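Quick one: structure below, then a few questions.
The values are calculated or read from the model by the stated rules, or taken from the named source; none is laboratory data. Predicted model only: the values in this text are computed from it and were never measured. In this analysis, Cβ positions are derived from the backbone assuming ideal geometry, glycine residues included, and neighbour counts consider all displayed protein chains. The protein model used for the area step is the full one, side chains on, heavy atoms only, and it has no ligands, DNA or RNA in it. Shrake-Rupley method; radii C 1.70, N 1.55, O 1.52, S 1.80 Å.
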Amino acid sequence: PEGNEGPKADEIAILKAWIDAGAKGPSGKVPDPTLLVTPKLATKGQVRQPIQTLTWSRDGQQVAVARQGSVETFAVIPKSTPSVLFKPLRQLSGLRGVMNDVGFSTDASMAFVAAGEPGVFGEVRLFKTSDGSLIRTIQGHRDAIYAAELSPDGKLLATGSYDQKVKLWNVETGAEVRTLHGHNDAVYDVAFHPNGQILASASGDR
């Protein structure tokens, strides 16, 4: 800084030698930048697991319920109007971060879950509802994904994230189709028009 004494010649020589010596990189596999390495602290009591989001399948036969780190699907058993019974089907596993949105494909053969770690990554995982197996994981946002929506024909997936971006993905391949810019705050919801030609997005930028 101006007005401060600069480094002396011997100090510069030390820095130069340090730089020239290089730095040894980590050995083995490159670490996954989306994995948070934090201490695992055991809780002293039962932790509440609030429901983050839920949805019905279009045929009304299934419900998906998302909590922190897990999504459960239930079969809907009509009892007597307006009551219904919910029979547990399966738990979708391998999820990371906070589950912010969940949905079904039109024919309910697939469920999708939008999640992520704030400031680290966002992802959507697609599952077969028949057995709960993972179809694919879609990653690309630099922050948690808050909203996901399938196009009416099931070919495109739209995602909105805290990183202020809306992205479109090819459902069959998981490839990014394009990124939609323009928001300057978190994107909280996305919705396709019934004809699939228009996408609406809702953001904190109003």
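Failed condition for I19, given (1) open to solvent by 100 Å² or more (accessible area, probe 1.4 Å); (2) in contact (Cβ under 8 Å) with a residue 24 or more places away in the chain, with all others met?
Here I19 meets the rest and fails (2).
Go through the range 55-94 and give me each residue that's under 14 Å from M110 (Cα atoms) and of a type in the set (K, R).
Passing the criteria: R58, R90.
Considering each of T53, T38, T43 in turn, give the residue that is touching a residue at least 40 places away in the same chain (Cβ under 8 Å), under 30 Å from G119 (Cβ atoms) and of a type in the set (S, T, Y). Explain how you work it out, then say what you get.
Working: T38 fails: touching a residue at least 40 places away in the same chain (Cβ under 8 Å); T43 fails: touching a residue at least 40 places away in the same chain (Cβ under 8 Å).
The unique qualifying residue is T53.
Would you please name the residue that is surrounded by the fewest Cβ atoms within 10 Å (Cβ to Cβ), looking only at residues in the range 127-163 that are among the acidic types (D, E) and either free of Cβ contacts under 8 Å to residues at least 40 places away in the same chain or not in a strand (DSSP E or B) (or both)?
Taking the range 127-163 first, the residues among the acidic types (D, E) are 131, 143, 149, 153, 163.
Next cut, either free of Cβ contacts under 8 Å to residues at least 40 places away in the same chain or not in a strand (DSSP E or B) (or both) only: 131, 143, 153, 163.
Details: D131: 7, D143: 19, D153: 11, D163: 21.
The residue in question is D131.
Conditions tested, residue by residue: (1) over 18 Å from the mean Cα position of the chain (by Cα); (2) of a type in the set (A, V, I, L, M, F, W, C); (3) open to solvent by 70 Å² or more (accessible area, probe 1.4 Å).
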{"residue": "I14", "(1), (2), (3)": "yes, yes, yes"}
{"residue": "G25", "(1), (2), (3)": "yes, no, no"}
{"residue": "L41", "(1), (2), (3)": "yes, yes, yes"}
{"residue": "V47", "(1), (2), (3)": "yes, yes, yes"}
{"residue": "Q68", "(1), (2), (3)": "no, no, yes"}
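Go through the residues of the range 96-103 one by one and say whether even a single one is open to solvent by 60 Å² or more (accessible area, probe 1.4 Å) and at pLDDT below 95. Let's see the steps before the verdict.
Start the filter on the range 96-103 by keeping residues that are open to solvent by 60 Å² or more (accessible area, probe 1.4 Å), which leaves none.
Checked the range 96-103: no residue is open to solvent by 60 Å² or more (accessible area, probe 1.4 Å) and at pLDDT below 95.
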